[in-house]
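K.L.:
Here you go, one structure.
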Amino acid sequence: MKEDIKSLPPEKLAGFLAGLGQPKYRTGQIFAWLYRGVYDFDEMTDLSLELRELLKETAYIERGELLQVRRSRDGTRKYLLGFKDGEAVESVFMKYKYGNSACVSSQAGCRMGCAFCASALKGLSRNLTAGEMAEEIIAMEKDTGEKCSHVVVMGTGEPLDNYQNLARFLSLIHEKKGLALGYRNVTVSTCGLLPAMERLRREFPQVNLAVSLHAPNQSLRSRLMPVARQYQMDRLLAACREHGQETGRRVTFEYALIEGFNDQPAHGEELANRLSGMLCHVNLIPLNPVSETPWKGSDRKTAEAFKVLLERRGVPVTLRRSLGADIDAACGQLRLCKGGPGKVQE
């Protein structure tokens, strides 16, 4: 079976090449080619012809087929990237004042079953490899001709449900000869898988943690998010408080404002009480529409009032500017797709 070398961190790649009788310096050469978006071993011109032929026999380079690019009025681009087994994932390129941000998927589909999210409508198909996750960023950079300075793992899937591949991905994009992204410019989002959260804190303390909270109490959260029945809110918030204390980095709480469900003043007061004294930040997101669900996002006036309430209670908070909603690329709108032949652009 051929080796997926794009998913190998440098030390593993070095071991693979040693098994082929190759010197260690070849690792850096090959790694650099992979993250320049080269997919053909024959294009790796600083390798000997003999080594290129050997690599063709023993390895392959994961390549996603760019099936569709949709462009928003606000400059956001949504990509549909297909893989050789027929699976396809959506990812998003966003432009901000501080630089470009890539929102990448970690799974094809999702099994968390959150009630308001399009990603879980068809369940989980499979995990993405580290190479496939990196390929999402490489495809964006090749299409736009621009570098992504920030990465958020907030596309389809629960990243911590695919921890081994996520960890490899984080290491790969951090490598200087890879994408050279600082860990502080990377954010991983989770619905609250506590054991994996604790592992992420130990192994990647500089990576930013975002937690999908979406409710001020256990009762409401468990109606939206099945994971809350396994990892109750008190335990989750205790783990988040500990995360901030140990890493010195604030936790971001994602809070989707749903009309009449979690957006009233009493909800804001309860949320402020629970987060009091914690090193954290609340990111308010008026829920983006998903046609298959009955939930409706709060209007702007209600959202602004909720923000002001939290600010008065001393909770750091922002009201997110929704990017890409006109192309179904906003938070909660990415979904499981299937790949197909050809490339379509809109």
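The values are calculated or read from the model by the stated rules, or taken from the named source; none is laboratory data. Values in this document were obtained by computation on a predicted structure and should not be read as measured data. All Cβ positions, glycine included, derive from the backbone under ideal geometry; neighbour counts span all protein chains shown. To get the accessible areas, we keep the full protein, side chains included, count just its heavy atoms, and leave off ligands, DNA and RNA. Shrake-Rupley method; radii C 1.70, N 1.55, O 1.52, S 1.80 Å.
K.L.:
Separation of segment 1-64 and segment 66-137 by C-alpha centroid, Å?
P.N.:
Centre-to-centre (Cα) distance: 26 Å.
K.L.:
Same structure, new question: Go through [x] 38, 22, 17; [y] 32, 26, 18; [z] 52, 24, 16 and flag the label whose value is the computed semi-axes √(5λ) of the Cα gyration tensor in Å for this structure.
P.N.:
Matching entry in [x] 38, 22, 17; [y] 32, 26, 18; [z] 52, 24, 16: [x].
K.L.:
Using a 1.4 angstrom probe, figure out how much accessible area segment 204-286 has per residue, in square angstrom, rounded to the nearest whole.
P.N.:
Dividing the accessible area of segment 204-286 by its residue count gives 39 Å².
K.L.:
In nm, what is the difference between 0.36 nm times the number of residues separating Glu11 and Glu246 and their Cα-Cα distance?
P.N.:
Answer, rounded to one decimal: 81.8 nm.
K.L.:
Could you pull out every one of the lysines with an alpha carbon less than 19 Å from that of Lys296, ignoring same-chain neighbours closer than 8 positions?
P.N.:
Lys307
K.L.:
Considering the options Phe41, His281, Tyr79, tell which one lies farthest towards the positive end of the dipole of the chain, charges being +1 on Lys and Arg and -1 on Asp and Glu at the Cβ, about the Cα centre.
P.N.:
Most positive-ward Cα: His281.
K.L.:
Just grab the label-to-label distance for Tyr183 and Asp299, each label 7 Å out from Cα along the Cβ direction, in nm (one decimal).
P.N.:
Using points 7 Å along Cα→Cβ, the separation is 4.6 nm.
K.L.:
Then there's this: Tell me the carbon and sulfur percent of the accessible area for segment 114-231, rounded to whole percent, probe radius 1.4 Å.
P.N.:
Details: 1910 of 4170 Å².
After summing per-atom areas, the C and S share lands at 46 percent.
K.L.:
Here's another thing I want to ask about it. Filter the cross-link list Lys2/Lys78; Lys12/Lys142; Lys24/Lys177; Lys24/Lys176; Lys6/Lys176; Lys95/Lys147 down to pairs whose alpha-carbon distance in this structure exceeds 20 Å.
P.N.:
Long pairs (Cα-Cα over 20 Å): Lys2/Lys78; Lys12/Lys142.
K.L.:
Give me the percent relative contact order of the chain, please, defined on Cα pairs under 8 angstrom at least 6 residues apart.
P.N.:
Rounded, it is 19 percent for the chain.
K.L.:
Just grab the label-to-label distance for Glu259 and Ser219, each label 7 Å out from Cα along the Cβ direction, in nm (one decimal).
P.N.:
2.4
K.L.:
Which aspartates and glutamates, on any chain, are close to Lys301 with Cα under 13 Å apart, when same-chain ones fewer than 8 places away are left out?
P.N.:
Of all the aspartates and glutamates, those that pass the test against Lys301 - Cα under 13 Å, at least 8 places apart if same chain - are Glu259, Asp263.
K.L.:
Can you list residues whose amide H is under 5 Å from Cys280's amide H, if they're 5+ apart or on another chain and H is modeled 1.01 Å from N?
P.N.:
It is Val251, by chain and number.
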